[in-house]
Amino acid sequence: MQILEIVLYSYSGKKRVVPLQSNSVNVITGGSGTGKTALIDIIDYCLGKGECMISEGVILKKVAWFGLLLKFGDEKLFIARENPGLKKKTTNRSYIEQGVEVSSPDNISEPNTNIEAITETLNNKIGISPNLNIPPEEQTRNPLSANIRHALFYCFQHQTEVATNQYLFHRQSEDYITQTIKDTLPYFLGAVQEDRLALEQELKRAKRGLSKAKNKLNNIKAIQGKDLSKAIGLLSEAKELELAEQRKNPNDFKEFVEVFEKIINWTPDKINTPNSERIIILQSELKELKDNLNEKQESIMAAKTFAREASGFMREVSEQKFRLESIGLFNYSEHNSELCPVCSQNIKESIPNANLLEKSIKKLDSSLKSVTKERPKLREYIEALEEKSEVIKELIKKKNEEINGVLKTKEDANKLRNLNVQRGKVIGRISLWLESVNLTDDLSGLKEEVRIAKKKVEELEKNLDIEKVEEKINSILNRMGIQMTKWSESLKLEHSENPIRFDIKKATVIVDMENRFVPLRKIGSAENWVGYHIISHLALHKHFARHSRPVPRFLFLDQPSQVYYPREKDSELRGSLDGLNDEDRKAVYRLYNFIFDFIEDYVPEFQIIVTDHADLVDDRFQSSVVERWRDNNALIPENWINDQSS
């Protein structure tokens, strides 16, 4: 897979194409702020990155869709993805066309697919076969299947990545990416066979088959038991449950079979279960009796309460009558109501006269006689209620006895049912034993089945031997190390007199000194970091290409000369290297010559895309420049910026 066009579509319907040549170096040179660095983010986003990383600015404001025209051998594929804009991080709205004569469309009005479908298409087109990296049992991370997104770790070197000693690959600074690279790179290197996933699944099936055959053999052995021990145990259980007579055990295998064949003909005793409807009726009648009793008891309680209150009233009335009658010193006929009858002093409010007092006494006397008269009737009423309550209590007692009798019958039926269930279980095990004795001749066949299944598992495990995978990885990396060492010498990198290698376990470059090893993070100078980044990536791509591995055939390098070229003087130099000292100028030329030589000498069917400030006065460089972004030329055309309709 290589890139033929990077395409932008404006909101106002305009189209901007950045053309690229396949199987060659493509240089886009220009000043700062022209959009060079954004190209990696645009390509990455079109190829399925979850979040759009394009910096806020004129690109996000003016571009409606981002597109790529891709090449896969003789076939082409155009994919595009809608700009999520300033307020969103991503969008799933996508567009795709594929075929031999496909070109980028003049405009995109509506999406026709989603990014998941595009990613799946890219996986298939690039040739990624079903795969799965399963971590060791002691590690908790999930299994991982390599895909196009993982392959792109080796295709981009952002300006912040190409000149650092902290990490080697694209996005490696993000969480979990280093581990993802370690898990998927063996597949991309080809150390893991293409059909490994199928073999792993076949191994799982073979192990299940072996386990099933072993279990079947062991179950039969367990059922039969050693000698007659199993049969003796089964017979003891049958005697305990009265399925067999309590006599001496059989003497030999044949007698046991005869006894057991009689036992398995047992039929359960008939169980007479009481009618559930009868219990429901009785319980309903019992409830009515209890409700009736509650009513009577409440009436008795109310009557008794009334009786107590009447007695209290009678006592109170008698006391009041006695007190009034005891005041015989009053002369009611001559009494002045405005004078106190005791002290003869004037009072503010007049008191009742003698006639009113006499009427009150007569009224109290009448009430007292009425209460006294009604008391015998109240006692008769309470006694009648208590007699009815006793009758109801007796009926409740009889009803409870009737219900308990029915439930006792049901309990006995349940016990018999449980006994029959226990007997049925023992008979089932006896039947199984009888069946197993007929399988004795088949044990040899089962043993052979186990042997064949075990052999198949061993062969598959041998083919999937993890040690072989590690040996193949080491072999690949050793050959890569030889090439990297040679290239480091041609670039005159620090420590190039020592063997250079890529360490997959640490995902970094290692220099093997005579008495120690030095990782990339301990190597000094940004010039060396750029060089080691480039030789590592091109060594990997050389292996990918020569062994037809499913990795895109391009590498995008963003500003590889940044460690030499003074960016702050670009407005004066305009890409010229004249402002550099001789050593730095030679280093930049060595770097670009190495890039050109890689395609010419090692991998002709490879594409390198470079964005840089530098503009070398060199024939190969100048012939590789596809666009020069200076003097109002940039990724976003000036008329797009001035267009007020978008």
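The values are calculated or read from the model by the stated rules, or taken from the named source; none is laboratory data. Since this is a predicted model, take the numbers as computed values, not measurements. All Cβ positions, glycine included, derive from the backbone under ideal geometry; neighbour counts span all protein chains shown.
Here is a check on your reading of the model: is Leu555 touching a Pro at 6+ places or on another chain (Cβ under 8 Å), more than 14 Å from Gly30 (Cα to Cα) and at pLDDT 95 or above?
Working: touching a Pro at 6+ places or on another chain (Cβ under 8 Å): no; more than 14 Å from Gly30 (Cα to Cα): yes; at pLDDT 95 or above: yes.
Criteria not met by Leu555.
Read through the list (1) more than 34 Å from the chain's Cα centre (by Cα); (2) of a type in the set (D, E, K, R); (3) modelled with pLDDT of 95 or more; (4) more than 30 Å from Glu568 (Cα to Cα), then give the number of the only condition that Glu82 fails.
Result: Glu82 fails condition (1) only.
Residue-wise test of (1) within 43 Å of the chain's Cα centre (by Cα); (2) under 19 Å from Ala614 (Cβ atoms); (3) of a type in the set (A, V, I, L, M, F, W, C); (4) surrounded by fewer than 20 Cβ atoms within 10 Å (Cβ to Cβ).
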site: Lys486; (1), (2), (3), (4): no, no, no, yes
site: Lys506; (1), (2), (3), (4): yes, no, no, yes
site: Val530; (1), (2), (3), (4): yes, yes, yes, no
site: Ser571; (1), (2), (3), (4): no, yes, no, yes
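Taking the options Thr140, Thr91, name whichever one is modelled with pLDDT under 95, under 26 Å from the mean Cα position of the chain (by Cα), part of a loop (DSSP other than H, G, I, E, B) and within 21 Å of Leu69 (Cα to Cα).
Details: Thr140 fails: within 21 Å of Leu69 (Cα to Cα).
The match here is Thr91.
Name the residue, out of Phe544, Phe596, Phe621, that is under 30 Å from Asn124 (Cβ atoms), of a type outside the set (Gly, Ala, Ser) and either modelled with pLDDT of 95 or more or out of contact with any Ser or Thr (no Cβ under 6 Å at 6 or more places or on another chain) (or both).
Values: Phe596 fails: under 30 Å from Asn124 (Cβ atoms); Phe621 fails: under 30 Å from Asn124 (Cβ atoms).
Just one listed residue meets the conditions, Phe544.
Tell me, which strands (runs of 3 or more DSSP E) lie completely within the stretch 1-41 with 1 or more residues that are at pLDDT 95 or above and buried (at least 22 other Cβ atoms within 10 Å of the Cβ)? Step through it out loud before you land on a result.
On the way: elements: 2-10, 15-19, 25-30.
The qualifying strands (runs of 3 or more DSSP E) are 2-10, 25-30.
Of the numbered conditions (1) touching a Leu at 6+ places or on another chain (Cβ under 6 Å); (2) more than 29 Å from Gln644 (Cα to Cα); (3) aliphatic (A, V, I, L, M), Leu60 satisfies every one except a single condition; which is it?
(2)
Among (1) in contact (Cβ under 8 Å) with a residue 40 or more places away in the chain; (2) part of a strand (DSSP E or B), which single condition is Gln98 missing?
(1) is the only condition that Gln98 fails.
Considering only the stretch 604-633, state which residues are surrounded by fewer than 20 Cβ atoms within 10 Å (Cβ to Cβ) and part of a loop (DSSP other than H, G, I, E, B).
If the condition is that a residue be surrounded by fewer than 20 Cβ atoms within 10 Å (Cβ to Cβ) and part of a loop (DSSP other than H, G, I, E, B), then Pro604, Glu605, Val617, Asp618, Arg630, Asp631, Asn632, Asn633 are the ones that fit.
For the stretch 229-266, which positions are at pLDDT 75 or above and among the polar types (S, T, N, Q)?
Of everything in the stretch 229-266, those that are at pLDDT 75 or above and among the polar types (S, T, N, Q) turn out to be Ser236, Asn249, Asn265.
Quick one: which of Lys49, Lys89 is surrounded by fewer than 20 Cβ atoms within 10 Å (Cβ to Cβ) and within 30 Å of Ala191 (Cβ to Cβ)?
It is Lys49.
Taking the stretch 56-79 as the search range and keeping residues that are among the β-branched types (Val, Ile, Thr) and either within 18 Å of Ile43 (Cβ to Cβ) or in a loop (DSSP other than H, G, I, E, B) (or both), which one is nearest to the chain's Cα centre (by Cα)?
To start, the set of residues in the stretch 56-79 that are among the β-branched types (Val, Ile, Thr) comprises 58-59, 63, 79.
Still in the list and also either within 18 Å of Ile43 (Cβ to Cβ) or in a loop (DSSP other than H, G, I, E, B) (or both): 59, 63, 79.
Values: Ile59: 36, Val63: 36, Ile79: 31 Å.
Ranking the candidates gives Ile79 first.
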